[in-house]
Amino acid sequence: MLLDLVRQVQASQRERDRIAGKTTRREVPPTEPVERGVRIAYTPDMDGDADPGEVVWAWVPYEEDPNRGKDRPVVVIGRASTDRGPRLAGIALTSKDKRRDDHVPVGTGSWDPKRRDSWAKVDRLLLLDDDDVRREGAVLAKNRFDDVVGNAARYHDLVRA
């Protein structure tokens, strides 16, 4: 347990990025929405690779303009098979409490250097390539993970592994 905590802190300190949270433009967004067939699992392992149950950082496109976006924390909830091969499925986090049914509280964690409360935006499911994940942030507690997945299932076709 203590070793996992040390690894989480080291990963977040080692991987800090000066452009985190700033709007950038990309010709082709590395993430894309997905609607069906996501295999859900809770298998966090702070080994340097993104796994379901972890909060990671990745570039997330804006909903209104998918060529613009910013780095955000994303809860990895599972994997999906696509034409491009297997991809991570995730849900973006926000520090803005909009008091909406599609925003699920997940608390605070080392993914946010300011330790602000975060909410999962469960109405929008993202696909990420392993190479698009910038860094690991933390392991999301199992009960919080289950809350996120349970609420996301109201909007998306999710399959428990």
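The values are calculated or read from the model by the stated rules, or taken from the named source; none is laboratory data. Being a predicted model, the structure only gives us computed values, none of them experimental. Virtual Cβ from ideal backbone geometry, glycine too; neighbours counted across all protein chains shown.
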Pairs only if they're at least six apart or on different chains, beta carbon under 7 angstrom, first in segment 88-115 and closer than 15 Å to Glu54 by Cα, second modelled with pLDDT of 90 or more and aromatic (Phe, Trp, Tyr); list them, first residue then second. Leu93/Trp119; Val106/Trp119
Which pairs have Cβ atoms under 8 Å, sit 6 or more apart or on different chains, and link a residue in segment 127-152 that is more than 11 Å from Val106 (Cβ to Cβ) and in a helix (DSSP H, G or I) to one that is among the small types (Gly, Ala, Ser) and at pLDDT 95 or above? Lys142/Gly53; Ala152/Ala120
In segment 104-117, the residues that are surrounded by fewer than 19 Cβ atoms within 10 Å (Cβ to Cβ) and β-branched (Val, Ile, Thr): Thr108
Of all residues in segment 50-65 being among the acidic types (Asp, Glu) and under 15 Å from Ala141 (Cα atoms), which is farthest from the chain's Cα centre (by Cα)? Asp51
For segment 61-75, does any single residue satisfy the condition of being at pLDDT below 90, crowded, with 18+ Cβ neighbours inside 10 Å and within 22 Å of Val38 (Cα to Cα)? yes
Please verify whether Asp101 is at pLDDT 95 or above, more than 14 Å from Val56 (Cα to Cα) and either of a type in the set (A, V, I, L, M) or surrounded by fewer than 19 Cβ atoms within 10 Å (Cβ to Cβ) (or both), treating the condition exactly as stated. no
(1) in contact with an Asp or Glu (Cβ under 8 Å, 6 or more places away or on another chain); (2) modelled with pLDDT of 90 or more all hold for Thr94 apart from (1)
